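Student: Supplied in C-alpha cells, the structure appears directly below.
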Amino acid sequence: MSDTPASPTSEPKIRKGDGRRARGNRTGFTTGACAAAAARAATLGLLTGEVPATVLCCLPNGKEVNFAVTDGCVSGEPAERQAHAVVVKDAGDDPDATNGAHLTADVRLLPHHAGEIALKGGPGVGRVTKEGLGLEVGGPAINPVPRRNIRDNVTAVAAELLAHDGLELAISVPGGDEMAKKTLNARLGILGGISILGTTGIVRPYSTAAFRASVVQAIEVAARQGQTSVVFTTGGRSEKFAMRELPQLDESCFVQMGDFVKAAFVTANKHQMRQIHVGAMAGKLTKMAQGLSVTHAWKAEIDRDLLADCAREVGAAPDLVEEIRVAETARFAAERLAALGLSVDFHRVLAQKAMRSLKTCYPGSYQLTVHVCDFDGRFIVRVEDHDDR
C-alpha cells in the first residue's frame, strides 16, 4: 500500500479487503519437506549407487509429491559410500526468505548401528542456543515434525539396511546464514542459519500459519527465559520504536506479532505475563480497537467511522470529521489532525479505544500499556491501564 494518504474525493477504489484484488495462489513447499526429499534421494543414492533425478516424498500431511533433485552424486567404496542430493525450495507465491534455498542432504553408512538415523545440522542450518523451542540446546534447528518426516522418508527406502546398520544424515543450506538475517531466528536463540520448518509440508501463499507459529514460539522462549513482560509490535519500525521506549527490557521480551493479535495475547495470558506492552501506529491501533483477532488488510477494512468518532471527540471540525469518514486510510486522519495540533489527543483517544477492546477480548491479570508512534517511528503518546477512562 502506498504511504500517500488517499484523498476522500478520489475515484472509487478496490479496497484492501476486497476479494477482487489479484494475488498469487500457487502453493509451495516448506524447508522441512524439501529437506526430507533431499534426504530420501541421497539415501536412494547410497543404496543403489545413483541419486535419482526426481524423488517421491511423503509429506507430513500424508500426501506424496515428486521433487526434482539436483547435484546428486555418490562417492566411495560400498562399505564407505557417501551420497549427496539437493532439492531447491519453491515457496510458490509466498514471499518467503528461504525461497530458492538449496536444501542439501549428505548421508553415509554407520556400520553395526542397527536402526539408527543420526540427524545432524550442517552449514546454513541454525544452532539452538536457548530453551523454549522444544529442541535440544546446542543441536540443529530442525523442528520436531520435519525431523520425523525426514526419518520416515529415509526409513521408507532403507528399512532393509536399517535392520543391521545405521545412517548418518546431515542437512545443510548453503547461504542459510544470510537468509537467517531476514528472519527472527536470532531473537529466538537460533544462530548461524535458518530453521527447518513445516507441519504439513505445504506453504500456502501469504500463509499465516508460519508467522502465527513464530509469534507463539517467541513468547514461549521469553517465558522460558523467566521474562514476565512482553512487548508486542506490528512490524520492524514499531519494534525499533518500542525498544527505544523500553531499553530496560531484554531483547527476548520483544515480539513482532504482526497481524496476530489473538495468538499473541492468548499465549501471553497462558504464560502469565504480568505486563503487556503494545507498540503500534494508527492503522493497526484502529484494527485492535475494532476487536479484530487478525488485523491483516485482507481480513477486514479499517473502520473509518471509528476514526471519525475519535476525530470528533478531540474537537475536529465537522467537515474534517466527514472527510475522515470517507477516506481510505488511518494515515489520512492522523496526518490531517497532526497538522491541526491534535495528534497527541487523537492518538490517545484511539489508544484508549484499542486498550478497552484488547482488555475485553483477552481478559487477564496483566497490566497493559500502549505506546503509539507516527509513521516514521517517532513517539506520540503512551497510554496505561489507569489512563483508560
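Student: For region 178-224, with every protein chain kept in place, what is the accessible area per residue (1.4 Å probe, Å²)?
Tutor: Averaged over the residues of region 178-224, the accessible area is 48 Å².
Student: For n ≥ 4 DSSP H runs only, could you compute -39500 (n - 2.57) per run for the chain, divide by its residues and tell me the 222 nm figure to the nearest 500? Intermediate results must be reported in sequence, preceding the final value.
Tutor: Working: 12 runs with 138 residues, N = 389.
Rounded to the nearest 500, the figure is -11000 deg cm²/dmol.
Student: Which percent of the accessible area of the chain is formed by carbon and sulfur heavy atoms (probe 1.4 angstrom)?
Tutor: The nonpolar share, carbon plus sulfur, comes to 49 percent.
Student: Relative contact order for region 126-249: what is it in percent, counting Cα pairs under 8 Å that are at least 6 residues apart?
Tutor: 31 percent.
Student: Share of Cα-Cα pairs in region 179-313 beyond 27 Å, in percent?
Tutor: 23
Student: Whose amide H sits under 5 Å from the amide H of residue 90, counting only residues 5 or more places off or on another chain, with H placed in the peptide plane?
Tutor: 29, 100
Student: For region 60-128, with only Lys/Arg (+1) and Asp/Glu (-1) charged at the beta-carbon, what is the dipole magnitude about the Cα centre, in debye rounded to 20?
Tutor: Computed charge dipole of region 60-128: roughly 240 debye.
Student: Below 12 Å, Cα to Cα, which aspartates and glutamates can residue 130 reach? Residues fewer than 8 away in the same chain don't count.
Tutor: The reachable aspartates and glutamates, counting only those whose Cα sits under 12 Å from residue 130, are 220.
Student: Once fully extended, how much extra length lies between residue 326 and residue 156, figured as 0.36 nm per residue of separation less the alpha-carbon to alpha-carbon distance?
Tutor: Gain in length upon complete extension: 55.2 nm.
Student: Using the crude model of +1 on Lys and Arg Cβ and -1 on Asp and Glu Cβ, and no other charge, please compute the dipole size for region 199-315 relative to its Cα centre, in debye to 20.
Tutor: My answer is approximately 240 debye.
Student: What's the magnitude of the charge dipole for the chain around its Cα centre, counting Lys and Arg as +1 and Asp and Glu as -1 at the beta-carbon? Answer in Debye, nearest 20.
Tutor: Roughly 720 debye for the chain.
Student: FRET efficiency for residue 54 and residue 244, Cβ-Cβ distance as r, R0 = 56 Å, nearest 0.05? List each step's numbers first, then the result.
Tutor: On the way: r = 52 Å, r/R0 = 0.92.
Step by step, r from the Cβ atoms, then E = 0.60.
Student: DSSP H helices in the chain with Cα extent of 24 Å or more along the helix axis and mean Kyte-Doolittle hydropathy at least -1.0?
Tutor: Going by DSSP H runs, the hits are 31-48, 144-162, 343-361.
Student: Select from 292, 103, 320 the residue whose mean-square fluctuation is largest in a Gaussian network model of the chain (Cα-Cα springs shorter than 10 Å).
Tutor: 320
Student: Report the chymotrypsin sites (Phe, Trp or Tyr not before Pro) located in region 201-247 that are in a DSSP loop and have at most 16 other Cβ atoms inside 10 Å of their Cβ, or state none.
Tutor: When the chymotrypsin sites (Phe, Trp or Tyr not before Pro) of region 201-247 are filtered for loop state and at most 16 Cβ neighbours within 10 Å, 206 remain.
Student: I'd like the trypsin sites (Lys or Arg not before Pro) in region 130-231 restricted to DSSP loop residues with at most 13 other Cβ atoms within 10 Å, sorted by number.
Tutor: Listed in order of number, the matching sites are 181, 182.
Student: Then there's this: I need to check one value: relative contact order of the chain, counting alpha carbon pairs closer than 8 Å and at least 6 residues apart, in percent. Could you put the intermediate results ahead of the total?
Tutor: Numbers: 847 pairs, mean separation 60.8, N = 389.
Relative contact order of the chain: 16 percent.
Student: With unit charges on the beta carbon (Lys/Arg positive, Asp/Glu negative), name the residue among 347, 369, 302 whose Cα is farthest towards the positive pole of the charge dipole of region 301-389.
Tutor: Toward the positive end, the furthest listed residue is 369.
Student: Normalise the Debye intensity by I(0) for region 337-389, one equal point scatterer per Cα, no solvent, then take log10 at q = 0.13, 0.15, 0.27, 0.30 Å⁻¹ and round to two decimals.
Tutor: So the normalised log intensities work out to -0.33, -0.43, -1.05, -1.19.
Student: Pop the C-beta distance of residue 127 and residue 73 into the FRET formula with R0 = 30 Å and round what comes out to the nearest 0.05.
Tutor: E between residue 127 and residue 73, to the nearest 0.05, is 0.65.
The values are calculated or read from the model by the stated rules, or taken from the named source; none is laboratory data. Note that the coordinates shown come from a computational prediction; the quantities given were computed from them, not determined experimentally. Here the Cβ is made from the backbone with ideal geometry for all residues, glycine too, and neighbour counts use every protein chain on show. Accessible surface areas use protein heavy atoms only, side chains included; no ligands, DNA or RNA. Shrake-Rupley method; radii C 1.70, N 1.55, O 1.52, S 1.80 Å.
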